[in-house]
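See below for the structure under consideration.
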Amino acid sequence: MPKVETLVTPIGKVKFPKTVINDKEHQVIFVPESIDDAAFNQWKFQLVFDPKEGKELLAKLDKLAKPIKGANFVPYKDDKDKAEDGSLVDTGLVAINFTSGYPIGIVDAEKNPCREKIGWGSKVKVLFSTKPVNNKGKVGLGRYVKAIQVIELQESGMDLSSFGKEEGYVAKATVSAADQPDPWETEEE
């Protein structure tokens, strides 16, 4: 049985960030100042990076996952993106899914603790631990986030990379991405 290992990723981009605090979903990764430990809290995201830059990490994950008997999921996968026709195409990058049920440490590029909202497209490194899992039919190598080092911050939970600058309406006053409401946030009833 593989032992628990602590590893660090190369710099990659965040996709599908999600924080759930007290059953309320946010499409960014963040840790509020106070958290009710008895409530359901969860952090999930995918990190996408060039496999050439993460060659040693991927080899280590393969080595840790190999002895797990009955494994039905892999520790990383090829990243896919939607083509114009709606089909999925390989991007040439690698994707690792991360999850945590415990608050994640967040530091800036100089390793100073911070409380940023990490949105889609942020460039980060991830410190994580691995552990064999066998839970509800999922068998394989779990990846659990301990800390995120923010290299380049994208605060908005929205992926605006498909937009280009256009002629037209220009706002008289702008707000920071942190002050904008999260368009995917569900209203409490």
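How many of the residues making up segment 1-52 are touching a residue at least 60 places away in the same chain (Cβ under 8 Å) and among the small types (G, A, S)?
1
Based on this model, can you work out whether E152 counts as at pLDDT 75 or above, over 15 Å from F30 (Cβ atoms), touching a Lys or Arg at 6+ places or on another chain (Cβ under 7 Å) and surrounded by fewer than 13 Cβ atoms within 10 Å (Cβ to Cβ)?
yes
Can you tell which of F73, F16, F40 is within 16 Å of the chain's Cα centre (by Cα) and aromatic (F, W, Y)?
Of F73, F16, F40, the one residue that is within 16 Å of the chain's Cα centre (by Cα) and aromatic (F, W, Y) is F16.
Look through G105, G101 and report the one residue that is at pLDDT below 90, closer than 26 Å to V31 by Cβ and touching a strand residue (DSSP E or B) at 6+ places or on another chain (Cβ under 7 Å).
Answer to the check: G101.
Tell me, please, whether a residue that is within 18 Å of V150 (Cα to Cα), modelled with pLDDT of 95 or more and either acidic (D, E) or surrounded by 19 or more Cβ atoms within 10 Å (Cβ to Cβ) (or both) can be found in segment 4-12.
There is at least one residue in segment 4-12 that is within 18 Å of V150 (Cα to Cα), modelled with pLDDT of 95 or more and either acidic (D, E) or surrounded by 19 or more Cβ atoms within 10 Å (Cβ to Cβ) (or both).
Being of a type in the set (V, I, T) and farther than 22 Å from A147 by Cβ is the filter here; which residues of segment 15-68 pass it?
Applying the first criterion (of a type in the set (V, I, T)) to segment 15-68 yields 19-21, 28-29, 31, 35, 48, 68.
The one that is of a type in the set (V, I, T) and farther than 22 Å from A147 by Cβ: I68.
Within segment 53-63, identify whether any single residue is at pLDDT below 90 and within 19 Å of the chain's Cα centre (by Cα), and answer yes or no.
So in segment 53-63, the residues at pLDDT below 90 come out as none.
Within segment 53-63, not a single residue is at pLDDT below 90 and within 19 Å of the chain's Cα centre (by Cα).
The values are calculated or read from the model by the stated rules, or taken from the named source; none is laboratory data. Quick caveat, the model's predicted, so the values are computed rather than measured. Note that each Cβ is placed from the backbone with ideal geometry, even for glycine, and that neighbours are counted across all protein chains shown.
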